[in-house]
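What follows is calculated from the coordinates using simple rules that are stated; it is not laboratory data. In this text the structure is predicted, and so the values were computed from the model without any measurement. Using ideal geometry, Cβ is built from the backbone for each residue, glycine included, and neighbour counts are taken over all protein chains shown.
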Amino acid sequence: MRRDPPADVTIINYSEPQSLDPAIISAQPDMRIVSGMFEGLTRTDPKTGSAVPGLAERWEISPDGRIYTFHLRTNLVWSTGEPIRAADVVYSWIRTLDPMTASDYAGQLFYVKNAEAFNAAKIKDPSQVGVTALDPFTVQVQLNHPTVFFLDVCAMPLASVVPRQAIEKMSDAWIKIRPLPVSGPYELDFWRLNDKVRLRKNPRYWDAANTQSKIIDLLPIGSASSALNLYDRGQADIVWDKELVPTELLDVLLPRPDFHTYTYLATYFVRFNVTRKPFDDPRVRKALALAIDKNRIVQRITRGGEQPATHLVPDGAANYESPPGLGYDPELARKLLAEAGFPGGKNFPRMEYMFNAPAGGGKIHEKIAIEMQQMWRDTLGVDIELRQLEMQVYLTEQDQLHYDLSRSSWIGDYNDANTFLNMFVTDDGNNRTGWSNKHYDELIRQANEITDVPAREKLFQEAETILVKDELPIIPLFFYAGINYFDTNKIEGVYTNIVDLHPLQSIRKIMGHATRNTKD
Amino acid sequence: MSDQKVESPNTDSSSAMAVASPGARPPASPAQRAWRRFRKNGPALLSSCYIALLLIVIVGWPLALKLTKFAGPGAATWAKSHAPEQLSDGQFQPPNTQHWFGTDEHGRDVLSRVLYGAQISLLVGFVGATVSLVIGVLWGAIAGSAGGRVDSVMMRTVDVLYSLPSIIFVIVLMTTLGEKLKQLPVVKASPALQKDLRLAILFVGLGAISWLTMARIVRGQVLSLRTRPFVDASRALGASPLRILVRHIIPNVFGVVIVYLTLTVPSIVLYESFLSYLGLGVQPPMASWGSLISEGVDQINPIRIYWWMIVFPGGVLVSTLLALNFLGDGLRDAWDVKG
Amino acid sequence: MYFLRRLAYMIPLLLVVSAVSFWLVHLAPGGPFDKEHAPASPQIKRNLEAKYHLNEPIWKQYARYVGGLARGDFGPSLKYRDHSVTDIVRQGLPVSMLLGWLAFGFAMGVGLPVGFITAVRRGRWQDHVGSFLAILAVCIPGFVVAPILVLVFTIKWHLLPVALWESPVHAVLPTIALGLYFSGKVARLFREGMLNTMQMEFVTAARAKGLGESTLLFRHAVRLAVLPVVSYAGPMLADLLTGSFVIENIFQIPGLGVFFINSSLNKDYTLTVGLAVLYAALLIVLNLAVDFGYMLLDPRVKYE
């Protein structure tokens, strides 16, 4: 038992980070911490969510959009004092791409020349990968084709700079080195499992003058009610994670000034396994989609002001307006189902809707499932059973296509329609529906090779129409509403933006409001 | 390592137990004497009445819902609105004349869910206890009768299994068995079987973790009975070991076993509710007391408490467990199953 | 002597436990490395599995594991890749143990007196009330007791902290929530034991000899009456000291209990097996202590 000196800001961060190694993390809570510790060529602007200069102070992009030349600041040092140079950037990217590192997010760097081949071990020589240090302060990146959101990718943890000196000494256990060299605004004071991660201001960060807090605590609390209780008692200043929303109380909580909702790029949807009858018939899929009253779900169950969705890419994605998809039309649904050979739901085979349930945690997926089950039964006469699984089994089943219908969601990695649409390219690791459409693949491929904004938009729209209107391997349900709670009289520096990124550097507690330590 | 560890109270494995032996008393049979003793036990009688009543309601209510369909349209709509899986627009209604126990988040009638859930919970409890009984009695009886190497190996296995945290075993069982059984052709062919598969796995799973204590107790009993004169006599008369086992030993162990059954049921029901809390118990939209309580516990927060969602399922669970415990105690006292 | 022999058996027994749990955990579908956001190429997942030798046949993986055990290395956690199993246990076990001992103290401190009174005043109102409360304690699941305690004592009346583990006052509610069930059990067992001993012949004999009622009770009966409690104390402590998922989850206590359940759910093979071995070791040692206690308390018991 110990009581630490109070932090400036205490944040409830949902889950224990699986790791703090920027190359291997993939969960949002982990990324929130890591992006406060390690920085890359660009970083995220807290207000707009877009990429702004980070370790690189400026850059040039070649006219054909393929070559980026980044100029590093000259005063960069690790928190432990060693200088940070272009070679470190190259080292970090190569490490992320190295097959032995087994980074989940390495795919984001595949826009770089030969990156994919290197990651697949087809090329063994890292110097062939399109990232090189032209001189100690200049990094040149060669892309396969122009990529409009590439600067956003550079701001992601997987592209941040990691300390070669520590990794070469301790290999996989380098996170345990103390003091841990960091390149970002905060260093790691300590990491107590299941208890808290404490970050301390890094005075050697190039922008340390603007780091607003001295000590930030992040608590891995996964229960919405515990989070609410602690917040109400003043023991936590900010609660931010979509899983921590107490949906049953939202009607009372939302009007409170300290509850902030905002839209961000994330979609909740249903996947069909199109390799299983009768889901190989688009009419059946459309019938099931048309029978869902999404308004009812967001009004009665999720209640956070979510937008019902008829398409996959959330509204508000940069430079993109989605084409319309299928809405709620019970009549048409019944008609299509009858056409497909199951009038009134007769002879419809027994199918299961699969979803995950955290142990001792929230039941939102179950609740949505129950409502949809009723809708399918009442409107179509189709009886879909529910199948609740714990997370790892659920993921494996989805991955191996051992399911009929599955609950799904996707959070955008960057502000562009591509992060949603390229999932459903044939054989993409995140497709997991068995759906394949060559024309769709072609459209996505083309869109990713050009930078002309309107042309790109048209290509994506055509693709998305195939996805959500013609073929429907998925049923989009709603776009997540982010909810953060914090008192704007106490906390400054948390802005809502569409990518739901809230850099730690800008968060501060307004003077005179110390975190209450528990006495009661 | 469960939170509510499933064991029939280890208690009497330590204190020696003897089954009521016919002594130098007036010729009332053991059963008759037991009944007399039982009748005098107030709480036990009360509990048995409660349980009988509960069983009647649990069976009667679903029956009533089905039959009202034939009693005219008014009754049919009433039945429909009280079906446990029927969603409605009336979310989170406190108890009222329409819904005596109120409604939940989906507008479902809580009373109905509690009663249907009772079926599941009690079924899981009794079947699970029976499974544990069958495995435990067989294991213990065989080990005790066979003696020597066989006994040693069998009991060492029990020791090893005993040292495992049971939750690991349960999680593996629930996930693995579920998937493997699904592949069986007999299961694939029958939708009804598929639906109840989860329940069946729960029965087996919960039974499979509670048989250990039973096995130990039965073995102990068998060992002590083996040396009794009447068993020797049987052997002298030429009875085969199997016959001795079946006709002499098992009936004498019976009394002890019945008592432990009534005490295992509540602990299995509790364990099932723990599993439902973890999300590993019954599948939605099926309800069990555990899952209902879990839903109710979710509603405890500083702002607004839908008390009926936890009070009713919790109250029914606790009072049933109480009744089962008192009943078990009463049976034990009546059968004089202690040192 | 006898106990040393039992201790020696511990090593092979633990090995068997590790083998059984290793096998069990690998049986279940799913692996530790499936993620919602899947890597772009399946090769990455394969690399990861190769790195942790998950693609090898299971006996080979186990042999590797045992080799590690010999060096005192329980392996890295597959889910928390920056930490080894030893790290996780080293951080969480002291916390769970502290809470566990406190709950044990509560269970004994409340259960023994209640058991005593209900036995000694059998059939009277003290027995009815006490027994009822004891059985009630055993019938309410932990995940019901804890939120109710939180509701009453922290939300309705701000008497106690709502969660976390920062000072002694933070331990009050978790101790009660955790210990309540066991106090009921202890009370029942002790009552049982007392009733048995009070009927025994030697008690009658001692009474006949004229020993005062209270001396009788305390010196002779209690020593034997407490045996069922002692026997139960072994498994009870093993459960308590390794942490309760429910209590630690609800009160956000950084103990080991959460890991017991989550490691199996996460398919974190090494952590699961490590925890299983830890639990088994604890149980074996505690059972040995229980048997030793028996020897001290009951002169009839002899071990050969």
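What to note about this one:
- Compared with the dominant principal axis of the Cα atoms in chain C, helix C:58-70 is inclined by about 60°.
- A:GLU462, A:GLU492 arranged by Cβ crowding within 10 Å, fewest neighbours leading: A:GLU492, A:GLU462
- Positive minus negative residues near C:PRO29 (Lys, Arg vs Asp, Glu; Cβ under 12 Å): -2
- Net charge over other residues, Cβ less than 10 angstrom from the Cβ of B:ASP89 (K, R count +1; D, E count -1): +2
- Reach of B:LYS66 by Cα under 23 Å, taken over lysines that are not fewer than 8 positions away in the same chain: A:LYS346, B:LYS80, B:LYS195
- Per residue, the average separation of C-alpha pairs within less than 8 Å and at least 6 apart gives the range A:1-57 a relative contact order of 20 percent.
- On Cα atoms only, tilt of C:125-139 relative to the major axis of chain C in degrees: 10
- Whole-angstrom gap from the range C:10-42 to the range A:344-397, using each part's C-alpha centre: 27
- Taken over the C-alpha atoms, the protein assembly as shown has Rg and Dmax values of 32.1, 111 angstrom.
- Mean shadow area of chain C over all directions, Cα convex hull, nm²: 20.8
- Between the range C:59-111 and the range A:214-246, the alpha-carbon centres lie 27 Å apart.
- Local net charge near B:HIS99, Cβ-Cβ under 10 Å (Lys/Arg +1, Asp/Glu -1): -1
- Under 18 Å of direct C-alpha separation, and excluding same-chain neighbours fewer than eight residues apart, A:LYS367 reaches these lysines: A:LYS242, A:LYS294.
- Sequence-distant contacts, meaning Cα pairs under 8 Å at least 6 residues apart, place the relative contact order of chain A at 21 percent.
- For the range A:423-431, 3J(HN,Hα) computed residue by residue from phi via the Karplus equation (6.51, -1.76, 1.60; θ = phi - 60°) reads 4, 9, 5, 3, 6, 5, x, 9, 5 Hz, glycine and proline entered as x.
- Among the listed pairs A:LYS277/A:LYS363; A:LYS176/C:LYS51; A:LYS277/B:LYS180; A:LYS214/A:LYS490; A:LYS122/C:LYS45; A:LYS124/C:LYS267, those beyond 24 Å (Cα-Cα): A:LYS277/A:LYS363; A:LYS124/C:LYS267
- Along its principal axes, the range C:1-58 has C-alpha extents of 61, 18, 17 angstrom, given from the largest down.
- Length-normalised contact order of the range A:1-122 in % [C-alpha pairs under 8 Å, at least 6 apart]: 18
- Order of C:LEU227, B:LEU53 - criterion: other Cβ atoms within 10 Å of each residue's Cβ, fewest first: B:LEU53, C:LEU227
- Helix C:269-297 axis versus longest C-alpha principal axis of chain C: approximately 20°, rounded to the nearest ten.
- The value obtained for the range A:342-408, namely the Cα convex hull volume divided by the number of residues, is 75 Å³ per residue.
- Diffusion coefficient (Stokes-Einstein, Kirkwood radius over C-alpha pairs, 37 °C, 0.692 mPa s) for chain A: 135 µm²/s, rounded to a whole number.
- Here the range A:330-377 has an Rg and Dmax of 14.3, 43 Å, counting Cα atoms alone.
- Anchor A:LYS169: aspartates and glutamates whose Cα lies under 17 Å away (excluding residues fewer than 8 positions away in-chain): A:ASP21, A:GLU82, A:ASP88, C:ASP82
- Point-to-point label distance, A:ASP280-C:ILE58, nm (Cα→Cβ direction, 7 Å offset): 3.4
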